[in-house]
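Participant: Before anything else, here's the structure in question.
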Amino acid sequence: WQCEMLRHLKDYEARKPKQHPILLSPGGWVPGGRTWTPEDKFVESPAWQTALGNLKLTRLLAQRVRDLVRMNPREDLATTGCCLAHEGQEYIVYAPGREGFRVGGLRAGRAYRYKWFSTAKAATLETGQVTADASTLSFRPPCEGAVLFLMLEDRSG
């Protein structure tokens, strides 16, 4: 039944201008046991709890972005190749490893607020501010599977 409902929702949203992530909960699936128990968040695996936590962080991040409509995939603006950006304004960069990377298209001399998120822990790790001394800045992820949110500081407030 869940698979049919998921298929119905995906078909319905395919004709709409916006689509949403739809997850099929593993419920109380017992690995290797081929049985289901009543769906209970305390029975679900730690991996599923992390996935749910990351969905919550994604929603919070989407709410913080000033102009999500203007953000586009821009692999050329981050050396990780995984960047969603409104150039000069806001950036969301995924860093799969611990290697340093560069973000370009910044406004030199302007301050940017940043937040680091851990996809493994589904948590905010660090926040701060950095000033772009050039149009490109270097960053080092605090962990593997980190997400950097970078937003131009508003001078009006």
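The values are calculated or read from the model by the stated rules, or taken from the named source; none is laboratory data. As the structure is a computational prediction, the values presented were derived from the model and not from experiment. For neighbour counting, all protein chains shown are included, and Cβ atoms are generated from backbone atoms with ideal geometry for every residue, glycine included. Heads up: the accessible areas ignore ligands, DNA and RNA and are worked out on the full protein's heavy atoms, side chains in. Shrake-Rupley method; radii C 1.70, N 1.55, O 1.52, S 1.80 Å.
Participant: Can you confirm whether Arg7 is modelled with pLDDT of 70 or more and more than 28 Å from Ile92 (Cα to Cα)?
Facilitator: So Arg7 passes the test.
Participant: Just checking, how many residues over segment 44-82 are of a type in the set (A, V, I, L, M, F, W, C) and either closer than 24 Å to Gly104 by Cα or in a loop (DSSP other than H, G, I, E, B) (or both)?
Facilitator: Matching residues across segment 44-82 total 9.
Participant: Those residues that are in contact with a strand residue (DSSP E or B) (Cβ under 8 Å, 6 or more places away or on another chain) and charged (D, E, K, R), I need them from segment 47-75; list them, please.
Facilitator: Correct list: Arg64, Arg66, Asp67, Arg70, Arg74, Glu75.
Participant: If you check Ala146, Ala122, which single one turns out to be touching a strand residue (DSSP E or B) at 6+ places or on another chain (Cβ under 7 Å), of a type outside the set (Lys, Arg), open to solvent by less than 30 Å² (accessible area, probe 1.4 Å) and closer than 30 Å to His20 by Cβ?
Facilitator: Testing whether each residue is touching a strand residue (DSSP E or B) at 6+ places or on another chain (Cβ under 7 Å), of a type outside the set (Lys, Arg), open to solvent by less than 30 Å² (accessible area, probe 1.4 Å) and closer than 30 Å to His20 by Cβ leaves just Ala146.
Participant: Follow-up. Is it true that some residue in segment 111-130 is of a type in the set (Phe, Trp, Tyr) and at pLDDT below 95?
Facilitator: Within segment 111-130 (the criterion being of a type in the set (Phe, Trp, Tyr) and at pLDDT below 95), the answer is yes, since at least one residue qualifies.
Participant: Name, by its number, the condition in (1) over 12 Å from the mean Cα position of the chain (by Cα); (2) modelled with pLDDT under 95; (3) surrounded by 11 or more Cβ atoms within 10 Å (Cβ to Cβ) that does not hold for Phe42.
Facilitator: (3)
Participant: Within segment 99-119, how many residues turn out to be surrounded by fewer than 18 Cβ atoms within 10 Å (Cβ to Cβ) and over 14 Å from Gln89 (Cα atoms)?
Facilitator: The qualifying residues number 3.
Participant: Conditions first: (1) more than 20 Å from Pro21 (Cα to Cα); (2) open to solvent by 40 Å² or more (accessible area, probe 1.4 Å). Lys56 passes all but one, so which condition is the exception?
Facilitator: (1)
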